[in-house]
Amino acid sequence: MNITSKLVKRLIAEQFPCWTALTVTEVLPNGWDNRTFRLGDEMSVRLPSAERYIHQVQKEHYWLRKLAPFLPLPIPNTIAIGEPASGYPWQWSVNGWIEGETAAAGHIAHLPQFARSLAKFLMALQQIDSTNAPVPGPGKRGGDLAFYDDETRQAIELLRRGRRSDDLDTKAITNVWNTALESKWTTFPIWIHGDISLGNLLVENGELSAVIDFGGICVGDPACDLAIAWTAFSGESREAFRDALNLDDATWARARGWTLWKALITYTGLSETNTIEAQTSYRTITRILAEHSQI
């Protein structure tokens, strides 16, 4: 789906003429599930990039306004819902603009404090009443990690056969994966974001200032929200993140599993990838193995 500024301008002009005079600027880098454009100074337009993501529009609209009062940081708020038109086939949303740079691009003043602030946000999210909340579908984050067993073992086998020239210990990787599968989240499902990454965290003045992109919001196993412990944190910052979260060792073992699955399929080429992503995934795998060896 080719989603351009011209398309967004047409949609706005047809459905929200009061905003026609506002400038439309693509937000870069853009996301995978949705394309985002800034509308004037105070709003953004968010459009699903494929049919499998269209449910996110109504889900975010309904739930984020209920969650926001209980959270310590700003999250997106939907102002209006747009309808299919001008060759664009799905619903889309207009949201309030949240200032800040993504943590992937912006400066983080003190990573351990950033980690503690993120943990505080996740703890607040997890404690919100989850009655009638959406649950993860098959293969979705927050669900059963075992769904990815075949795919993960396929990636491990590719490594074992030398699909890539590297020094990764496939026995150790298998051990991490098997350990992750030994437990499940058996208590009452709690709220999860579903895609906690530096690209979905905003910073201002070097500090965590907002959390965005709640397309994966649901209730389930919080382990999937912990991958950032290995993708972005290390040493003191990872320890600060873990210490600030009230989660048991089994949940952290599953978190290593969630992170390992994604890193493996990216590194071995089982998902759409590029060299930079593969190198990043390699580093993530080595961090997980190093930590697991000390347990």
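Listed values, structure above:
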{"read-out": "Only listed residue being at pLDDT 95 or above, within 14 Å of the chain's Cα centre (by Cα) and not basic (Lys, Arg), chosen from 252, 258", "value": "258"}
{"read-out": "Long-range neighbours under 6 Å by Cβ, at least six apart or interchain, first residue farther than 16 Å from residue 191 by Cβ within the stretch 56-84, second in a helix (DSSP H, G or I) and of a type in the set (A, V, I, L, M, F, W, C)", "value": "82/11"}
{"read-out": "Any hit, the stretch 195-208, residues being in a helix (DSSP H, G or I), assigned by TED's automatic domain parsing to the domain that holds residue 145, touching a strand residue (DSSP E or B) at 6+ places or on another chain (Cβ under 8 Å) and crowded, with 20+ Cβ neighbours inside 10 Å", "value": "yes"}
{"read-out": "Test: residue in the stretch 164-172 that is small (Gly, Ala, Ser), modelled with pLDDT under 95 and more than 30 Å from residue 64 (Cβ to Cβ)", "value": "yes"}
{"read-out": "Flag if residue 290 is at negative phi and in contact (Cβ under 8 Å) with a residue 12 or more places away in the chain", "value": "no"}
{"read-out": "One residue from 129, 150 being without any contact (Cβ under 8 Å) to a residue 24 or more places away in the chain, within 24 Å of the chain's Cα centre (by Cα) and part of a loop (DSSP other than H, G, I, E, B)", "value": "129"}
{"read-out": "Restricting the stretch 8-45 to residues that are of a type in the set (D, E, K, R) and more than 25 Å from the chain's Cα centre (by Cα), the residue that is surrounded by the most Cβ atoms within 10 Å (Cβ to Cβ)", "value": "9"}
{"read-out": "Test: residue in the stretch 106-129 that is modelled with pLDDT of 95 or more, of a type outside the set (A, V, I, L, M, F, W, C), within 20 Å of residue 77 (Cβ to Cβ) and surrounded by fewer than 18 Cβ atoms within 10 Å (Cβ to Cβ)", "value": "yes"}
{"read-out": "Unmet criterion (only one of (1) closer than 22 Å to residue 43 by Cβ; (2) part of a loop (DSSP other than H, G, I, E, B)) for residue 81", "value": "(2)"}
{"read-out": "Single condition residue 135 does not satisfy, out of (1) of a type in the set (Val, Ile, Thr); (2) in a helix (DSSP H, G or I); (3) modelled with pLDDT under 95", "value": "(2)"}
{"read-out": "Close pairs (9 angstrom Cβ cut-off, 6 or more residues apart or separate chains): aromatic (Phe, Trp, Tyr) in the stretch 271-283, at pLDDT 75 or above anywhere", "value": "282/168; 282/263; 282/267"}
{"read-out": "Any hit, the stretch 24-42, residues being closer than 23 Å to residue 99 by Cβ, in a helix (DSSP H, G or I), at pLDDT 95 or above and not assigned by TED's automatic domain parsing to the domain that holds residue 193", "value": "no"}
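Table: residues versus (1) of a type outside the set (A, V, I, L, M); (2) assigned by TED's automatic domain parsing to the domain that holds residue 12; (3) closer than 19 Å to residue 216 by Cα.
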{"site": "68", "(1), (2), (3)": "no, yes, yes"}
{"site": "94", "(1), (2), (3)": "no, yes, yes"}
{"site": "105", "(1), (2), (3)": "no, no, no"}
{"site": "127", "(1), (2), (3)": "yes, no, yes"}
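The values are calculated or read from the model by the stated rules, or taken from the named source; none is laboratory data. Here the structure is a predicted model, which is why all the values come from computation and not from measurement. Don't worry about glycine lacking a Cβ; one is built from the backbone with ideal geometry, like all the others, and counts go over all protein chains shown.
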